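As structure tokens, the structure follows; a few thoughts come after it.
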């Protein structure tokens, strides 16, 4: 019998997304003026935005979709807003000049970290399941504890980032368990900070953190992780090489590892062979979310065929390089349409 996490249940060359999708223009405006709206207004906007994100993904023909993270008005207003023990008023050290991560600021930790209401991912998944049509696989995405710790300031109780990570680990783990209990069959645990800093930190330590986080749900859903180099308004933040992560990251206890390739001109494409040789699916970032060059179907065919020279079809999936939240919606739609169209053409060639 095929289970949701069994490779036989996943079609070759599957098309999917990472998690986020662009806000509609009206939601972008509203998210900067939340004080002007009541709770019912906000709930209505969130639902309408999820419907729009689902529509765009289904229209493109994706095999797996998300809710587009449309209810996460901002990363700190979503996950950090659920945490107790932090000051939700970060003071950015720099407000002007070119956009970069330091303009977002970090939260002070003022008490023991806890999330008695969870992190909101279960509510997101339930909404997605209620609104999505039959057909595509429904996927949830949750940040891992190391990435989540990145915008918290250490203190006497949590003296460094690893201490913060250990405090957040059971919170994320509980959220994953609750997602599975709610019926979610596919979860991406996003840890871009691990790939950004793997060159200067111990990748074996990262693997231990990750595997302890997901341990209770291994075998109960299909698990993947997203390893990229950051994306804030089209800018990466990390050292953009996967070599320092391997072979350690081959021990991540997931079915699928997603790697950013299009923005890096498919440098290190041979790493997907190492991923698939270890019995995992390599989800290749095949469209560049940081560029407004709109890939053509022919581009996608060429890129997919390059990937097939390094990995078998039954262990390959395709997605954008990263979440699409930092890409204009008109471009995101066209990129997804080209991605699906190109992959379909390759499937036809393969028979």
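The values are calculated or read from the model by the stated rules, or taken from the named source; none is laboratory data. As the structure is a computational prediction, the values presented were derived from the model and not from experiment. A quick note on method: Cβ atoms are made from the backbone with ideal geometry, for glycine too, and the neighbour counts reach across all protein chains shown.
Show the residue pairs meeting these rules: Cβ distance below 8 Å; 6+ apart or different chains; first residue within region 23-44 and at negative phi and in contact (Cβ under 8 Å) with a residue 60 or more places away in the chain; second residue in a loop (DSSP other than H, G, I, E, B) and surrounded by 12 or more Cβ atoms within 10 Å (Cβ to Cβ).
23/70; 23/325
Test each condition in (1) touching a helix residue (DSSP H, G or I) at 6+ places or on another chain (Cβ under 7 Å); (2) in a helix (DSSP H, G or I); (3) buried (at least 18 other Cβ atoms within 10 Å of the Cβ) for residue 196 and report the one that comes out false.
(1)
Output the number of residues of region 13-39 satisfying the condition of being in contact with a helix residue (DSSP H, G or I) (Cβ under 8 Å, 6 or more places away or on another chain), modelled with pLDDT under 90 and surrounded by fewer than 15 Cβ atoms within 10 Å (Cβ to Cβ).
The total comes to 1.
Is it fair to say residue 332 is within 18 Å of the chain's Cα centre (by Cα) and in a strand (DSSP E or B)?
Against the criterion (within 18 Å of the chain's Cα centre (by Cα) and in a strand (DSSP E or B)), residue 332 does not qualify.
This table checks each residue for (1) more than 23 Å from residue 165 (Cα to Cα); (2) in contact with a strand residue (DSSP E or B) (Cβ under 9 Å, 6 or more places away or on another chain); (3) touching a residue at least 40 places away in the same chain (Cβ under 8 Å).
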| position | (1), (2), (3) |
| --- | --- |
| 181 | yes, no, no |
| 184 | yes, yes, yes |
| 198 | no, yes, yes |
| 201 | no, no, no |
| 216 | no, no, yes |
| 248 | no, no, yes |
| 290 | yes, yes, yes |
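What number of residues in region 274-284 are free of Cβ contacts under 8 Å to residues at least 60 places away in the same chain and touching a strand residue (DSSP E or B) at 6+ places or on another chain (Cβ under 8 Å)?
Adding up the residues that qualify gives 5.
Report the residue count in region 316-351 for those that are without any contact (Cβ under 8 Å) to a residue 60 or more places away in the chain, farther than 18 Å from residue 265 by Cα and buried (at least 21 other Cβ atoms within 10 Å of the Cβ).
Of the residues in that region, 0 qualify.
Would you mind telling me which numbered condition in (1) in contact with a helix residue (DSSP H, G or I) (Cβ under 7 Å, 6 or more places away or on another chain); (2) within 24 Å of residue 260 (Cα to Cα); (3) at pLDDT 95 or above; (4) surrounded by fewer than 16 Cβ atoms within 10 Å (Cβ to Cβ) residue 205 fails?
Every listed condition holds for residue 205 apart from (1).
Considering only region 170-187, I want to know if a residue exists there that is part of a loop (DSSP other than H, G, I, E, B), modelled with pLDDT under 95 and crowded, with 24+ Cβ neighbours inside 10 Å.
No, there is no match, as no residue in region 170-187 is part of a loop (DSSP other than H, G, I, E, B), modelled with pLDDT under 95 and crowded, with 24+ Cβ neighbours inside 10 Å.
Give me the strands (runs of 3 or more DSSP E) completely within region 208-308, filtered to those with at least 3 residues that are crowded, with 19+ Cβ neighbours inside 10 Å and in contact with a helix residue (DSSP H, G or I) (Cβ under 6 Å, 6 or more places away or on another chain), ordered by residue number.
Passing ranges, in order: 281-287.
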